[in-house]
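Working notes, beginning with the structure itself.
The values are calculated or read from the model by the stated rules, or taken from the named source; none is laboratory data. Not measured: the values here are computed from a predicted model. Ideal geometry is used to build each Cβ from the backbone, glycine not excepted, and the neighbour counts take in all protein chains shown.
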C-alpha cells in the first residue's frame, strides 16, 4: 500500500511538469475579442463576434523556476550525476516549481444588446488543464543519495506539494458601460471536473539515528494525503481498451464533478488618454463526488530495521524478514484508502493595468460602426496610434501568491493591424519579451502571440515559453 501511494505521487509529479498561466500579451488587447476572457469589464468595440469552433482560442504556456532541461542534459562534457547534485539537489529549494495551464476554446462568441447597446453579452465553452508541482527537495535528496551519510537529518514531508485539474467550463458574461468613462463586467462559470489530483498540506518527517538493538533507527512521522477524482476511471478505461475520449466527453459535459465560479472586471477612463483596468478571475470551487479515491498515510513509528536474533531465527529458515519489516511499518503507520467527497478551490488570478494613449489619428478603428456604443462613447483609446503602460498579474498558490510585472507598447495601423510588445519580469525569468499581433481582413480576425521570444532558439534552455492563436468573425456594424 505504501509503495502504491508513493508510485502514484511520483507518476503524477513527473506528469505535471508542463505548463504555466499568465496571459500578459492578451490582456487589454482590445482588438482581440478573447481579451474579454481576461477582463470581463474591457471596453468592447464591436457589435458581435463569433469564434471559429475549436480554433478561436488555442493557448499553452510552460515555465520552470531554477532549472531547465538543458542544465541537466546538455552535451557539455560534465558528469550528469554531478550536474544533478550541483544544479538540482544543492541548488533548488522547496519554493522552486513547474506550474501551468493549457486551454482550448470549443465555442466562443459575443453580441451587443439590440434594446440597450450599453450591454454586451459573451458566452462559450472551453477545456482547461492546469498543473502545479513544487520541487520536493528533501524527498529528492533522500531518493537520490539515501540516508546512510545523513544521520540525524530530518527529511521534511511537507516538501511534497502537487496538484492539477482537467475541467470543462461553460460560461456566460455581461459587460455594461455604466458611464462614458466606466465599464463593468461579470461572468458566471459552470465547471465540470474531469480529473483532479492533489497532494498538499502534508506534514511530518523521516529521520535516521543510531539504534539501540540494531545499528540504525528509522523514525517516520507522517500526515500525508493524496486525493484523486476521475483518475481510477481513466486508468481502467486505458487498461480495458475502452474509449478514453468518450470518458472525457461524458465527464466534461456535466457528468463529472460540479463546480461554480465567477469573473469580475472593470475599466475606468481617467481622461481621454489614461485608462486603468482590473479583473479577478476564477473565484470558484468544485465539489468532487464521482470516482473519488483518497490515500492517506498518518501516524508515527520508529523501527530499527531487520532484526535477526540468533539462535531463535534458525527455528524458521523460511522467514521473510524484509516483508515482516514492511508489514510492521504499515501496521504502525496506517495506510488508508477511502472515497470521501472533497472540495477544491480554483487558483484565483488578478490582473490590473494603467495605459496611456498618444499619437491621435483622424479616424478611430470603430468609426464606421453604426451602433450607439462605439469608440466615441466609451474608451477613446482607438483614436490613438500608440499606447504604453504597465500591468500587474498575481495568482494564488499553496506556498503564497506569485506576481508578474509587465511593461508594454502597442501600435495600431488603422483598423487592419495592431501589434503589442511586452517585457515581463516574474519568478521564472527577468528577460521575457513577448509580441502579439491582431490582423483584420474584412470581418475575419486572426491573432497570434508568444512570450519569451528570445528563448525560442533553444527551448530546452528556457525557463518560460508560451503561445496563443485564434480565428474570429467580427461585425463592426449593426445588422
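What the table shows:
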read-out: Residue match in the stretch 88-96 (condition: at pLDDT 85 or above, part of a helix (DSSP H, G or I) and farther than 30 Å from residue 45 by Cα); value: no
read-out: Verdict on residue 157 being in contact with a helix residue (DSSP H, G or I) (Cβ under 8 Å, 6 or more places away or on another chain), surrounded by fewer than 22 Cβ atoms within 10 Å (Cβ to Cβ) and farther than 30 Å from residue 216 by Cβ; value: no
read-out: Residue 102, sole failed condition from (1) outside any helix (DSSP H, G or I); (2) within 30 Å of residue 203 (Cα to Cα); value: (2)
read-out: The stretch 32-67 - residue that is in a helix (DSSP H, G or I) and touching a strand residue (DSSP E or B) at 6+ places or on another chain (Cβ under 7 Å) and, of those, farthest from residue 119 (Cα to Cα); value: 34
read-out: Members of the stretch 340-361 that are in a loop (DSSP other than H, G, I, E, B) and either surrounded by 12 or more Cβ atoms within 10 Å (Cβ to Cβ) or modelled with pLDDT under 60 (or both); value: 341, 346, 347, 348, 361
read-out: Positions within the stretch 17-46 being crowded, with 20+ Cβ neighbours inside 10 Å and modelled with pLDDT under 50, in sequence order; value: 18, 19, 20
read-out: Boolean, residue 150 is surrounded by fewer than 19 Cβ atoms within 10 Å (Cβ to Cβ), touching a residue at least 12 places away in the same chain (Cβ under 8 Å) and out of contact with any strand residue (DSSP E or B) (no Cβ under 9 Å at 6 or more places or on another chain); value: no
read-out: Selection status of residue 169, closer than 24 Å to residue 63 by Cβ, in contact with a helix residue (DSSP H, G or I) (Cβ under 7 Å, 6 or more places away or on another chain), in a strand (DSSP E or B) and in contact (Cβ under 8 Å) with a residue 24 or more places away in the chain; value: no
read-out: Hits in the stretch 135-147 (condition: surrounded by 14 or more Cβ atoms within 10 Å (Cβ to Cβ) and touching a helix residue (DSSP H, G or I) at 6+ places or on another chain (Cβ under 7 Å)); value: 136, 137, 138, 139, 140, 141
read-out: Those residues of the stretch 190-237 which are over 23 Å from residue 170 (Cα atoms), part of a loop (DSSP other than H, G, I, E, B) and in contact with a helix residue (DSSP H, G or I) (Cβ under 9 Å, 6 or more places away or on another chain), in sequence order; value: 201, 202
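So that you can scan it fast, the table gives a plain yes or no per residue for (1) within 31 Å of the chain's Cα centre (by Cα); (2) surrounded by fewer than 17 Cβ atoms within 10 Å (Cβ to Cβ); (3) more than 30 Å from residue 174 (Cβ to Cβ); (4) at pLDDT below 80:
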{"residue": "258", "(1), (2), (3), (4)": "yes, yes, no, no"}
{"residue": "285", "(1), (2), (3), (4)": "yes, yes, no, no"}
{"residue": "311", "(1), (2), (3), (4)": "no, yes, yes, yes"}
{"residue": "337", "(1), (2), (3), (4)": "yes, yes, yes, no"}
